[in-house]
Amino acid sequence: MAALASRGVQAWGSKVMREFQDIPASYVYVQQALWFAMKEYNEASRDTYVYKVTNILRSQEQVTDSLDYLLEVKIERTMCKKISGITDNCLIQEDPQMQKMFYCTFIVASKPWKFELKMLKKECSPI
């Protein structure tokens, strides 16, 4: 469903040369797009805790004049507070009162040859 809704999403106004297709989540540019999406998510979030991806449900790539990555992920609240500045190696909240999970769809446009990343879509809903 999300893939259908995202068709035709374009970063810098060029036409789609190749529609979204599944690619491995381990692909280096997928990982880069995921890092960027979570950085943007955590910066925009009003939560005092950092969130991190716990499951990658789908990763797709579309080619326009950029490489657009569609990422469907499950994210969870960690035990790291934003103010600490630490985002790597954060453990997931274990206290049921503190646990929070979201299902998110991100679309990130990447121009790796220019070191540019841009968020095109960010939709999250509680699980």
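Every number here is computed from the coordinates shown, using simple stated rules; none is lab data. Nothing here was measured: the structure is a model prediction, and the numbers come from that model. Glycine also receives a Cβ, built like all others from the backbone with ideal geometry; neighbour counts cover every protein chain displayed.
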Peptide ranges 20-29, 115-124, 64-73 listed from the most packed, as the mean C-beta count within 10 angstrom indicates: 64-73, 115-124, 20-29
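Only helical DSSP H runs with n ≥ 4 go in: add -39500 (n - 2.57) per run for the chain, normalise by residue count and round the 222 nm mean residue ellipticity to 500 deg cm²/dmol. Don't skip to the answer; put the middle values down first.
Numbers: 2 runs with 22 residues, N = 127.
Dividing the helical sum by the residues of the chain leaves -5000 deg cm²/dmol.
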With N set to the residue count of the stretch 36-87, report its C-alpha Rg divided by 2.2 N^0.38 Å to two decimal places. 1.33
13 Å Cα-Cα reach of Lys100 towards aspartates and glutamates, excluding residues that sit fewer than 8 places from it in its own chain: Asp47, Glu76
Semi-axes of the chain's equivalent ellipsoid from the Cα gyration tensor, sqrt of 5 times each eigenvalue, largest first, rounded to whole Å? 27, 15, 12
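Sorting Ile56, Ile107, Ile83 on the 10 Å Cβ count, fewest up front, what's the list? Show your work: numbers first, answer last.
Working: Ile56 16, Ile107 24, Ile83 9.
So the residues, fewest neighbours to most, are Ile83, Ile56, Ile107.
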Using the alpha-carbon atoms, what tilt in degrees (0 to 90, nearest 10) does helix 28-44 show relative to the longest principal axis of the chain? 50
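Using 26 Å as the Cα-Cα cut-off, could you pick out the over-long pairs in Lys15/Lys39; Lys15/Lys52; Lys39/Lys111?
On the way: Lys15/Lys39 28 Å; Lys15/Lys52 32 Å; Lys39/Lys111 17 Å.
Exceeds cut-off: Lys15/Lys39; Lys15/Lys52.
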